[in-house]
Amino acid sequence: MEKTKYSTNRGLNFFRKFIPKDLLKRKSKAHFDLVLKDRWKFVVGDKILDVGCGRGQFMELNPNSKEIHGLEIEKQSNNLNIKIGDASKKIPYPDNTFDSVTLFHVLEHFDKPMKALIEIKRVLKKDGRLIIVVPNYSYRHFYQEYTHVRPWPKKAVFGILVDAGYKKIKVYSGPRYNQIVTSILFMFPILRYTIEKILGWIRPSEILAIAHKE
């Protein structure tokens, strides 16, 4: 029997039938903003670079008025602090510029991740921090995103950071819970956020890595 496309979304789609589309969109954005805002607690220093910043959502949630810059491979925003460039080729900033660099759901899209990590290390200050979030490859939705070049399990993330010359590396993965529970919590972002905070800040679909330039 032929499998239904995107069959892994059945639990979520069941509940979506009963939710108005505009409400679903607002709920999804609310949860997205909460998660992004929570990531700021890992950022150190006053000068930040968000690699793969998209439209600058993480930049806009800047809670402490830090100096934050964005890098994106193509223009998605008119934000003057976002530059166009490819981190795996050349980041358009001098050496030792940033206290922290964030790389949220970007590493899995690089054809040449080692070059990107070395280039990021170049623009980090001494003792600067790199914060990476990647999809958990074992999470069932990982392979539905066709732009994912390769999966990044915890050991692989740790290994490439070591090879790129980073120090004081920590890699964490979040708890997992039932897909139906995930589907229900998706509709209620505040509740979902609270549950995830209790279980551990990282969502079940994500892996977090923190590394430093020596």
Scope the stretch 39-54; condition in a loop (DSSP other than H, G, I, E, B) and without any contact (Cβ under 8 Å) to a residue 24 or more places away in the chain; matching residues: 54
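Filter the stretch 78-119 for residues that are hydroxyl-bearing (Ser, Thr, Tyr) and either crowded, with 22+ Cβ neighbours inside 10 Å or out of contact with any strand residue (DSSP E or B) (no Cβ under 8 Å at 6 or more places or on another chain) (or both) and give the result.
First, the residues of the stretch 78-119 that are hydroxyl-bearing (Ser, Thr, Tyr): 88, 93, 97, 100, 102.
Passing the criteria: 88, 100, 102.
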Test: residue in the stretch 125-147 that is modelled with pLDDT of 65 or more and assigned to a helix (DSSP H, G or I): no
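Please find, among 62, 96, the residue that is part of a loop (DSSP other than H, G, I, E, B), closer than 20 Å to residue 211 by Cβ and modelled with pLDDT of 75 or more.
Numbers: 62 fails: closer than 20 Å to residue 211 by Cβ.
96 is the lone residue from the list that is part of a loop (DSSP other than H, G, I, E, B), closer than 20 Å to residue 211 by Cβ and modelled with pLDDT of 75 or more.
The values are calculated or read from the model by the stated rules, or taken from the named source; none is laboratory data. No experiment lies behind these values; they were computed from the predicted model shown. As a convention, Cβ positions derive from the backbone with ideal geometry for all residues, glycine included, and neighbour counts pool all protein chains shown.
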